[in-house]
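The values are calculated or read from the model by the stated rules, or taken from the named source; none is laboratory data. These figures come from a predicted structure and were not determined experimentally. Quick reminder, even Gly has a Cβ in these numbers, built from the backbone with ideal geometry, and neighbours come from all protein chains shown.
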């Protein structure tokens, strides 16, 4: 039998989340997990506490989504203007991904890009579900912008939402590569100008050139 638990389980899940966040599922070994959880525990104690590496990964993902992953929750907030919802999600995500106390980047985006091997693909389903929810949230916000008259009626909603989605995914790579929060926040300002340009085009389309008179 394994030794009695002598570690804080809640803290252990957070530590495991950081390891998976930093290295991905496949690259994080059972030895790393055991060494990182309260100074190392025996294999029997590990399995008694968490069941399996797969189960611990899924618990770690759930912890991430309930905490750090909430930075994009504004996309689902119908009380926010659609532009504000997108800008809030982008700025909060960029700030979180460069923040202290945890690995840089986004556990969801990085985890999807370094998907587990086919034999373990099912464990990454919550990551794919989260990415799909974010993509759907961005598209819904753009569509709300059209419906509210903020964007032109002929706006390619999928294309505009994809731009924001691609930017958000790219932030994960840039943050992991060392981009700082100031640089990424400035980039958010630039990408949001795409929304403003679409809105300005709508206003300009309503203007007719002045008639010139000849003597």
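Scanning the range 104-122 for residues that are surrounded by 18 or more Cβ atoms within 10 Å (Cβ to Cβ) and over 11 Å from the mean Cα position of the chain (by Cα) returns 104, 116. Summed over the range 150-175, residues that are out of contact with any helix residue (DSSP H, G or I) (no Cβ under 7 Å at 6 or more places or on another chain) and modelled with pLDDT of 95 or more total 6.
The residues on offer are 89, 49, and the sole one that is within 21 Å of the chain's Cα centre (by Cα), part of a helix (DSSP H, G or I) and surrounded by 14 or more Cβ atoms within 10 Å (Cβ to Cβ) is 89.
Of everything in the range 133-173, what is surrounded by 19 or more Cβ atoms within 10 Å (Cβ to Cβ) and closer than 22 Å to residue 102 by Cα? Give them in sequence order. Across the range 133-173, the qualifying residues are 134, 167, 168, 171, 172.
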